[in-house]
Amino acid sequence: MTAASLEHATVPADTGEVTLLIARRVEPGHEALFELWAKGILETAAAFPGHLGYGLFRSSGGDAPWFLVHRFQNREACRTWQESPERAAWFADCEGHHHTEIARRQLTGMETWFAKPGSTRPAPPRWKMAVSATLAIYPISVLGSLFLMPRLAPLPLLLSSAIAACVFNTLMTYLAMPAVSRLLRGWLTS
C-alpha cells in the first residue's frame, strides 16, 4: 500500500477516539532540525480542543522512519486540526528540513489493539477483530462469573458493575488482547 492510498484510507464511521499515525523519512544530518519541527507541530496540535495526547518516536536508524502520533477525542477534532491554519503554517515553514511523509493512517476503536508498532500495515478486517476480541473476553467473563461476581453480589448494582467493568477492561487491555493478537498474528494479517 502506498503512502497516498494510506492517506485516503476509509475511516470507520464512529465517533470514538482517533489515533493519527504519520511516518516521515528524514535525510541523514537533518535529524535535529526535524526533531525541533516535529516537537513544535505536536505541541501546537496539543492546544487544540479534543486533542488527547501525542508521541514522537525516533528512527531506529538507516532508512527507518520517524513516527508522529496524535490522539484525538473524535474524527471531528482530528479534522479540525488537519484543516487548521496553524497546521498549514507549520508545513509552509518546513522547507530545507529534508523530510518527507511516507505513510499516514487513522486508527479508530479496536484497530489500535491490532496495530503493530512501527508498521503502517492496515488493521485486519472487522470480523477478524471481533473474533479475536470474543476469544479474549470469553475466558475473562467465565472466570469473572465464577470468582469475581459472587464477591460483588452484596454491593449495589452500580458499584458492582463499575468494579467488574474496570477489572474486565484492565484484563482485556493489558493481558488478554495482547496475548490473543500475538497468538493470532498470522491469521489476522493473512
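Descriptive notes on the structure:
- Residue in the stretch 78-99 that is at pLDDT 80 or above and closer than 27 Å to TYR174 by Cα present: yes
- From the list LEU56, LEU68, the one residue that fits, being loosely packed, with under 15 Cβ neighbours inside 10 Å and free of Cβ contacts under 8 Å to residues at least 60 places away in the same chain, is LEU56.
- Failed item in (1) without any contact (Cβ under 8 Å) to a residue 24 or more places away in the chain; (2) more than 27 Å from the chain's Cα centre (by Cα); (3) in a helix (DSSP H, G or I), with TYR138 passing the rest: (2)
- Candidate set: the stretch 33-53, residues that are exposed (fewer than 13 other Cβ atoms within 10 Å of the Cβ) and in a helix (DSSP H, G or I); chosen: the one modelled with the lowest pLDDT: LEU36
- Residue match in the stretch 143-155 (condition: within 29 Å of PRO124 (Cβ to Cβ), surrounded by 14 or more Cβ atoms within 10 Å (Cβ to Cβ) and not small (Gly, Ala, Ser)): no
- Hits in the stretch 147-190 - residues which are aromatic (Phe, Trp, Tyr) and in contact with a Gly (Cβ under 8 Å, 6 or more places away or on another chain): PHE168
- Within the option set MET177, MET149, being touching a Ser or Thr at 6+ places or on another chain (Cβ under 9 Å), part of a helix (DSSP H, G or I) and modelled with pLDDT under 85 holds for one residue only, MET177.
- All positions within the stretch 21-32 that are part of a loop (DSSP other than H, G, I, E, B) and in contact with a helix residue (DSSP H, G or I) (Cβ under 9 Å, 6 or more places away or on another chain): GLU27
The values are calculated or read from the model by the stated rules, or taken from the named source; none is laboratory data. Just so it is clear, the structure is predicted and the values come from calculations on it, not from any experiment. Cβ atoms come from the backbone with ideal geometry, glycine included; neighbour counts cover every protein chain shown.
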